[in-house]
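Asks: I have a structure I would like to understand better, so I am pasting it below and will then ask my questions one at a time.
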Amino acid sequence: MSSATIIVTFKVINGKEGLVKQLLENTLNETRGFDGCLSLEVFYEKKTNSYLAIEKWESVSHYNRYLEWRIQTGIEKVLNPLLDGGWKNVLDNIKKFEGPEQV
């Protein structure tokens, strides 16, 4: 079965780590319950002050519908003051992989 792996990086402004962690804790259950989300894990790297979300979706199309919903519900306004480069930096660096490839 083909699926999609999505990797999203949130580079946090120094001093905002606690707020970002709380925001993720409060919102990611909605993500996990969204149609097509198979799994979601979040990791934190202190060295880069970044959260990394590794998500499994039924398809890239499912993820794109989710992302559009997040945008429509105002995630940009919430994250802009907390992230280095704001929401635009998140969007510019989302990785969308289909597969896995049999190599």
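Asks: Would you confirm, using the coordinates I've provided, whether residue 30 is closer than 24 Å to residue 12 by Cβ, touching a strand residue (DSSP E or B) at 6+ places or on another chain (Cβ under 7 Å), loosely packed, with under 14 Cβ neighbours inside 10 Å and free of Cβ contacts under 8 Å to residues at least 24 places away in the same chain? Walk me through it before giving the result.
Replies: Working: closer than 24 Å to residue 12 by Cβ: yes; touching a strand residue (DSSP E or B) at 6+ places or on another chain (Cβ under 7 Å): no; loosely packed, with under 14 Cβ neighbours inside 10 Å: yes; free of Cβ contacts under 8 Å to residues at least 24 places away in the same chain: yes.
In short, no.
Asks: Is the stretch 56-70 home to any residue that is surrounded by 15 or more Cβ atoms within 10 Å (Cβ to Cβ), over 15 Å from residue 94 (Cα atoms) and touching a strand residue (DSSP E or B) at 6+ places or on another chain (Cβ under 7 Å)?
Replies: Checking the stretch 56-70: at least one residue is surrounded by 15 or more Cβ atoms within 10 Å (Cβ to Cβ), over 15 Å from residue 94 (Cα atoms) and touching a strand residue (DSSP E or B) at 6+ places or on another chain (Cβ under 7 Å).
Asks: Suppose we filter the stretch 1-23 for residues that are aliphatic (A, V, I, L, M), outside any strand (DSSP E or B) and over 17 Å from residue 89 (Cα atoms); how many remain?
Replies: Just the residues of the stretch 1-23 that are aliphatic (A, V, I, L, M), to begin with: 1, 4, 6-8, 12-13, 19-20, 23.
Now drop any that are not outside any strand (DSSP E or B), which leaves 1, 13, 19-20, 23.
If we keep only those that are over 17 Å from residue 89 (Cα atoms) as well, we get 1, 19, 23.
Adding up the residues that qualify gives 3.
Asks: Would you mind listing the helices (runs of 4 or more DSSP H) fully within the stretch 51-103 where at least 2 residues are closer than 17 Å to residue 4 by Cα?
Replies: Working: elements: 60-72, 75-79, 86-92.
Qualifying helices (runs of 4 or more DSSP H): 60-72.
Where a number appears in this text, it was derived from the coordinates with a stated rule and is not lab data. None of these values were measured; they are calculated from a predicted model. Reconstructed Cβ throughout: ideal geometry from the backbone, glycine too, with neighbour counts over all protein chains shown.
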